[in-house]
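J.: First the structure, then my questions, so here it is.
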Amino acid sequence: MTLDANDWPQGVRRIAAALLAKGHPHAPVQLDNAARTAQQAADALGIVLGQIAKSIIFLRKSDQAAVLVVTSGDRRVDEKKVAALLGPLGRADASFVKVKTGYSIGGVPPLAHATASVTLIDRELFRFEEIWAAAGHPHAVFRLSPADLVLLTGAPLADVVVDLP
């Protein structure tokens, strides 16, 4: 169900404005239940887990920057691969994520962060024509294509997931 803009939490309003400003055709939608995990979001939307574009945040040790890796919900980020591209990484706790992105874990979208994040997009997302990403709140998501994700974020594609056996 599409949210009425007057009822949106602040984070969702920020995403909706960013999407509108970039000409994205799909507004955030509200989920009946919180989707703090990729599996919960996929279940709520009736899609496969891989169609969830999950946002994983790391802390880059050299400059304390937030590193955002957007990957398929059915894949796990290989921290060593990300570090090889961007430098040594540390754990990003909930406070760091909130300060750097402006969003709480479980609702971190791939764009419109409080401070610029260094962003990488996992190539695995291109297995799907349609994906869904968090829209600033655990109850909100928005629809897009992997190509839209690249356009909206300006981020490069990378091989950043654990190799499958």
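J.: Taking springs between alpha-carbon atoms closer than 10 angstrom, which of Ala27, Ala147, Ala16 fluctuates most in the Gaussian network model of the chain?
T.: Highest fluctuation of the listed residues: Ala147.
J.: Identify which of Val108, Val70, Val118 has the largest mean-square fluctuation in a Gaussian network model of the chain, with springs joining Cα atoms closer than 10 Å.
T.: Residue with maximal mean-square fluctuation among Val108, Val70, Val118: Val118.
J.: Take Thr115, Thr37 and order them by how many other Cβ atoms sit within 10 Å, fewest up front. Could you put the intermediate results ahead of the total?
T.: Working: Thr115 10, Thr37 15.
Result, fewest neighbours first: Thr115, Thr37.
J.: Let me ask something else. Pick from Gly11, Gly154, Gly23 the residue whose mean-square fluctuation is largest in a GNM of the chain, springs joining Cα atoms under 10 Å.
T.: Gly23
J.: Give me the extension gain from His26 to Leu157: residue separation times 0.36 nm, minus the current Cα-Cα distance, reported in nm with one decimal. Working shown, then result.
T.: Working: separation 131, 0.36 × 131 = 47.16 nm, distance 2.24 nm.
Between His26 and Leu157, full extension yields 44.9 nm more.
J.: Would you mind calculating the relative contact order of the chain from Cα pairs under 8 angstrom and at least 6 residues apart, reporting the percent as a whole number?
T.: Numbers: 337 pairs, mean separation 43.2, N = 165.
The normalised contact order for the chain reaches 26 percent.
J.: First select every other residue whose beta carbon is under 12 angstrom from the beta carbon of His113; then total the charges, Lys and Arg +1, Asp and Glu -1. Provide the component values of the computation, followed by the final result.
T.: Numbers: positive: Arg14, Lys98, Lys100; negative: none.
Residues near His113 contribute +3 overall.
J.: Given the pairs Lys22/Lys81; Lys61/Lys81; Lys54/Lys98, which span a C-alpha to C-alpha distance of over 26 angstrom in this model?
T.: Values: Lys22/Lys81 30 Å; Lys61/Lys81 15 Å; Lys54/Lys98 16 Å.
Beyond 26 Å between Cα atoms: Lys22/Lys81.
Every read-out reported here was derived from the displayed coordinates using simple, explicitly stated rules and does not represent laboratory data. Owing to the predicted nature of the structure, the values given are computational and were not obtained by experimental measurement. Neighbour counts are summed over all protein chains in view; Cβ atoms, including those assigned to glycine, are modelled from backbone coordinates with ideal geometry.
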